[in-house]
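Colleague: Before we start, here is the structure in question, set down as structure tokens.
The values are calculated or read from the model by the stated rules, or taken from the named source; none is laboratory data. It should be emphasised that the depicted structure is a prediction, and the values quoted were computed from it without experimental measurement. Heads up, the Cβs are rebuilt from the backbone with ideal geometry, glycines too, and the neighbour counts pull from every protein chain shown. Side chains are part of the model used for accessible areas, which takes the heavy atoms of the whole protein and leaves out ligands, DNA and RNA. Shrake-Rupley method; radii C 1.70, N 1.55, O 1.52, S 1.80 Å.
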Amino acid sequence: MLKKHPMIKKNDKVMVIVGKEKGKIGSVLKVDAEKGRVIVEKLNMVKRHTRAGGRSAQGGIIEKEAPIHVSNLMLVCNKCAESTRVGKQILEDGSRVRACKKCGELLDS
Ligand SMILES: [Zn+2]
């Protein structure tokens, strides 16, 4: 069962709300719902050292996204282009979708 907090899904736009990357926006590449962590494109980059392996491969440093806890992120509404609180709306057919609390824009398509 999913815990309550992961309102964030793959391909969502999110903003970092704490730390040195505060205010930066990226799209979600991967969600780990169990741990409540997500990988956000080009955010929270960490340098990893790679070792030379094989004959031609060179050792070096690559940059890779490290997971960010969802509590450090906020969804960004496509319409407002701002971080927003997410509300739930129930459609006519009874399905639940996420919606921006400011403008009502549906965040699920
Ligand atoms: Zn909005």
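Colleague: For the chain, give me every cysteine whose Cβ has no other Cys Cβ within less than 4.7 Å, ordered by residue number.
Modeller: Here CYS103 come out as lacking a disulfide-compatible partner, given the Cβ-Cβ threshold of under 4.7 Å.
Colleague: Work out, in µm²/s and without decimals, the Stokes-Einstein translational diffusion coefficient of the chain at 10 °C, 1.306 mPa s, Rh from Kirkwood over C-alpha pairs.
Modeller: Diffusion coefficient, whole number: 102 µm²/s.
Colleague: While we're looking at this one, here's another question. In segment 30-109, which GluC sites (Glu not before Pro) are in a loop and have at most 11 other Cβ atoms within 10 Å, using DSSP for the loop call?
Modeller: Numbers: sites: GLU34, GLU41, GLU63, GLU65, GLU82, GLU92, GLU105; in loops: GLU34, GLU41, GLU82, GLU92, GLU105.
Listed in order of number, the matching sites are GLU34, GLU92.
Colleague: Whole number in Å², please: accessible area per residue of the chain, 1.4 Å probe, ligands, DNA and RNA not counted.
Modeller: Values: 7990 Å² over 109 residues.
Solvent-accessible surface per residue comes out at 73 Å².
Colleague: Report the full-extension gain for the segment GLU63 to LYS9: residue separation times 0.36 nm, less the Cα-Cα distance, to one decimal in nm.
Modeller: 17.1 nm
Colleague: What translational diffusion coefficient, in µm²/s and rounded to a whole number, does the Stokes-Einstein relation yield for segment 39-82 at 25 °C and a viscosity of 0.890 mPa s, taking the hydrodynamic radius as the Kirkwood radius over Cα pairs?
Modeller: Once the numbers are plugged in, D ends up at 187 µm²/s.
Colleague: So, one more: What's the carbon and sulfur percent of segment 37-82's accessible surface, probe 1.4 angstrom, rounded to a whole number?
Modeller: 46 percent
Colleague: Could you give me the percent of Cα pairs per 10 Å distance bin for segment 63-109, shortest bin first, beginning at zero and ending with the bin that holds the maximum distance?
Modeller: 26, 41, 25, 7, 1
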